[in-house]
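Taking it in order: structure first as structure tokens, then the write-up.
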Amino acid sequence: MSLPHAASGELIDVRPLGASLRQTSSSTLVRADHLEVFRLVLAAGKAPPDHKASGAITIQCLEGAVELEAHGRTQILRAGSMVYLSDAEPHAVKALEDSSLLVTVLLRRV
């Protein structure tokens, strides 16, 4: 069963998950024609496949710490930090600690 996406005007809780982080799955919070917002939950040491989004994105670290590879360099995102990546910028993320990220994608659909 999939979780419903938030409707326009509906409040969304994006506070850190704390002790429940390891029991929580990644989920899409908002899905609209040209916008997608999701919470990516990663256990320490885990990394989703390298990829590039179909649009510009922001990645905000809500809790934990992740290593981000993009634009030919590696940076550490910690709770409270955010990065913007331009349309289709290849990137990779690896959790250094149990982490949750808020990812916003401005979709470029053809």
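The values are calculated or read from the model by the stated rules, or taken from the named source; none is laboratory data. Just so it is clear, the model here is predicted, and its values are computed rather than measured. Glycine gets a Cβ as well: all are built from the backbone with ideal geometry, and neighbour counts include every protein chain shown.
Among (1) more than 14 Å from the chain's Cα centre (by Cα); (2) exposed (fewer than 15 other Cβ atoms within 10 Å of the Cβ), where does R78 come up short?
Only one criterion in (1) more than 14 Å from the chain's Cα centre (by Cα); (2) exposed (fewer than 15 other Cβ atoms within 10 Å of the Cβ) is unmet by R78, namely (1).
Looking at this structure, is A56 over 23 Å from P4 (Cα atoms), in contact with a His (Cβ under 6 Å, 6 or more places away or on another chain) and without any contact (Cβ under 8 Å) to a residue 60 or more places away in the chain?
no
Does T74 count as closer than 19 Å to L106 by Cβ, part of a strand (DSSP E or B) and out of contact with any Gly (no Cβ under 6 Å at 6 or more places or on another chain)?
no
Suppose the filter is in contact (Cβ under 8 Å) with a residue 40 or more places away in the chain and part of a strand (DSSP E or B); does V66 pass it?
For V66, the condition - in contact (Cβ under 8 Å) with a residue 40 or more places away in the chain and part of a strand (DSSP E or B) - is not met.
Being among the charged types (D, E, K, R) and at pLDDT 95 or above is the filter; apply it to the range 46-75 and report the residue that is surrounded by the fewest Cβ atoms within 10 Å (Cβ to Cβ).
Taking the candidates together, the pick is R73.
Only one residue in A79, A70 is touching a strand residue (DSSP E or B) at 6+ places or on another chain (Cβ under 7 Å), farther than 20 Å from R15 by Cα and hydrophobic (A, V, I, L, M, F, W, C). Which one?
When all the criteria are applied, what remains is A70.
Between residues in the range 11-35 that are over 12 Å from L107 (Cβ atoms) and residues that are polar (S, T, N, Q), which pairs lie under 8 Å by C-beta distance while being six or more apart or on different chains?
P16/S100; L17/T24; L17/S100; L21/S99; L21/S100; T24/S100
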